[in-house]
Amino acid sequence: MDAARERPGGDARVSVEARSFPDAVSATEADGRVPLIAEVKPTSPTTDGVREDDPVELAREMVAGGATALSVLTEPEHFGGSTESLSRIREAVDVPVLRKDFILREEQLDAVESDLVLLIARFVGDDLPDLVAAARDRGFQPLIEVHTREELTAALAAGADIVGINNRDLGKLEVDLGTFEKLAPEVPDDVLLVAESGVHTTEDVQRMRMREAGADALLVGTAIMDGNVRQNTRRLTTST
C-alpha cells in the first residue's frame, strides 16, 4: 500500500457530472435483467495471462452484452490499468463507469473523471468519512467496499449509500460467496448493495440475488474477461 499511497493525483481538482448508477440499476431491473458491473481488467494477481485487446472495444462489447455499468482498473502495476483507458472508455460508452483503484489520499480522486469511485474500507481506515465527503464534493458516487462486519459498520457510519461486499479476502486472496450471505442482511434497505468477486456461473448469480437481502447488482471481472466478453456478459445478465 505504500506505493499506492505515493501515486500522484491530478493537476487540478475535478468536477464530475456523474451518470446515475442507482438509475441505471433500476432501468436494468425494469427490463427484466440482472444489473451487472462488468470489469475491464487486463490482468490481476488472481488471473493467468494478460488480455491485450483494446480496452475501449472490450467495454463496448460488454455494454452490447447488457452491462449496466463498467468497472475500469486504473492501477498500473498489478492490474495493467491506466487513467487514460478509463477516460477513453467513458467517452465511448453511455453507462456509468466505476474507477477501481487503491485510492488512499484525497488528491488521488483528481487523477481522472469517472461516475463512481471505489473506496476500500480495509485500506482507507479512519480516513473513510473524509474521502467519502471529498468524493461527493467532486460529483463522484462512492462505492465503499467491505469484507468484514467491522468494515461494514465503518462504511455505514461514513454515510455509504452504495456498498460493495467483496467475497475475496484481500489479505489471503481467498474467495467465499458466504461472505456476502453473512453480511448482506445487515445492510439497510436504502443502501444499494453490490456483490463483488467469485461470481462465475448463472448459479452464482442466482445465489447472490436470492434471499431477502439479495444483491442489487453484481461486479464481475474474470468470468467476463475470460473468453467472448459480449456473450459472457449476456449470459450473466439474463440469469433470472
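Could you tell me what fraction of 2.2 N^0.38 Å the Cα radius of gyration of region 2-237 comes to, as a two-decimal ratio? Can you show the working numbers first?
Numbers: Rg = 16.2 Å, N = 236, 2.2 N^0.38 = 17.5 Å.
Ratio of Rg to 2.2 N^0.38 Å for region 2-237: 0.92.
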Listed residue (Leu156, Leu118, Met225) projecting farthest to the positive dipole end of the chain, Cβ model: Met225
Environment charge at Thr153 (Cβ cut-off 15 Å; Lys +1, Arg +1, Asp -1, Glu -1): -2
Val175/Glu52 FRET efficiency (R0 22 Å; Cβ-Cβ; nearest 0.05): 0.30
Structure-based [θ]222 nm, the chain - -39500 (n - 2.57) summed over DSSP H runs of at least 4, per residue, nearest 500: -9500 deg cm²/dmol
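Values in this text are rule-based calculations from the coordinates and carry no lab data. Just so we're clear, the structure is a prediction, and the values are computed from it rather than from any experiment. FYI the Cβ positions are ideal-geometry reconstructions off the backbone, even for glycines, and counts take in every protein chain you see.
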